[in-house]
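Here's the structure, in structure tokens; my notes come after.
The values are calculated or read from the model by the stated rules, or taken from the named source; none is laboratory data. All values derive from a computational prediction rather than experimental measurement. Note: ideal-geometry Cβ built from the backbone for every residue, glycine included; neighbour counts use all protein chains shown. For the accessible areas, the whole protein counts, side chains as well, though only heavy atoms, and no ligand, DNA or RNA atoms are used. Shrake-Rupley method; radii C 1.70, N 1.55, O 1.52, S 1.80 Å.
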Amino acid sequence: MNRWMDGTRALFFDLDGCIYFGRKLAERANDLLELLRDQGYRIGFITNNSRENATEIRDRLAEMGHRLEGELIVSATEAVAEYLRDVYGRVAVKAAGSASLSGALAAAGHRVLDWARPDSADVIVIGRDTEFDYRRLEQIVNEIARGARVIGTNPDYSHPGEGRRLVPETGSLLAAVESIAGGPIASVGKPHAWLYELAMRKYGVVPSECVMVGDNLATDIAGAERSGMKTVWVRHSFLPAPDGEARAVVPTVTVGALSELYELLLRGSYMA
Ligand SMILES: [Mg+2]
């Protein structure tokens, strides 16, 4: 019999649409995380959130009623800055996104240029820019035409927010740029290996010791499966069935809600 949790040391959770919806914790999220702590598992969070840094996410969780115990949060906001430094060194960047995204880029040693200035950037970073408009699109595609590299924080098209409202994500903005610039734009967020590798390195664990829990089959689960982790897909019945390549992804376990995973682990009946 295959006890899928055997050998597990760390569980990594997606946040938006998994641990919380907007500013509301998912049902049983508190109980689940407490149970896992009691059972001695390490817990971490791997999020494609590109607007908030780890401190802001920690504060948001505390406001919702979940206080972390120093556990790791790997966010696309900060990871994109580290990725650029690892791959290109310190670069001149123009960023479409939140003040926290620009702050993380500057903190990693990059030179963050103002869009209003004529200086050319080495790299354009695109995050979930809630002020994105025609003018910004025009600036981005012309920087690319001039030779700037471009990278997205995360490829998600949307995530479920509070009251099941759809929150448009970075991927939908990337699609607008791609339609003009030609060819796909790479992102550092899930399903790319970078965020998973960062999290595993920080906890000193290998893929076979990890379980990734998330609601997005094409990002959370596909990337974790590719990296060798076990996976728990929280499948929301209110969202359309996955299409395209995501249909080929086979999660280790599928649950209808986070509370269902809590029940499985509480009963110790976690046969795949
Ligand atoms: Mg999610």
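Once the Cα-Cα distance is subtracted from the 0.36 nm per residue extended length, the Leu266 to Trp115 segment shows a gain of 49.2 nm.
Taken over the chain, the convex hull of the Cα atoms encloses 127 Å³ per residue. Spin-label pair Asp31-His66: with each label point 7 Å from Cα along the Cα-Cβ axis, the two points sit 1.4 nm from one another.
Near the amide H of Asn49, within less than 5 Å, lie the amide hydrogens of Ala76, all on another chain or at least 5 residues away, with H placed in the peptide plane. Sparsely packed loop sites in region 167-262 (the chymotrypsin sites (Phe, Trp or Tyr not before Pro) outside DSSP H, G, I, E and B with at most 15 other Cβ atoms within 10 Å) comprise Phe238. Looking at region 78-181 alone, DSSP beta bridges between its own residues are antiparallel in about 25 percent of cases. Solvent-accessible area per residue in the chain equals 46 Å², computed with a 1.4 angstrom probe and all protein chains kept. Taking all protein chains in place and a 1.4 Å probe, what share, in percent, of the accessible surface of region 78-181 do carbon and sulfur account for? Answer for region 78-181 is 46 percent, counting heavy atoms of protein chains only. Extension gain, Gln139-Ser208: 0.36 nm per intervening residue step, less the Cα-Cα distance, totals 20.5 nm. Comparing mean-square fluctuations of Ala257, Ala106, Ala241 from a GNM of the chain with C-alpha springs under 10 Å, the top value falls on Ala241.
In region 78-181, the alpha-carbon atoms span a convex hull of 100 Å³ per residue.
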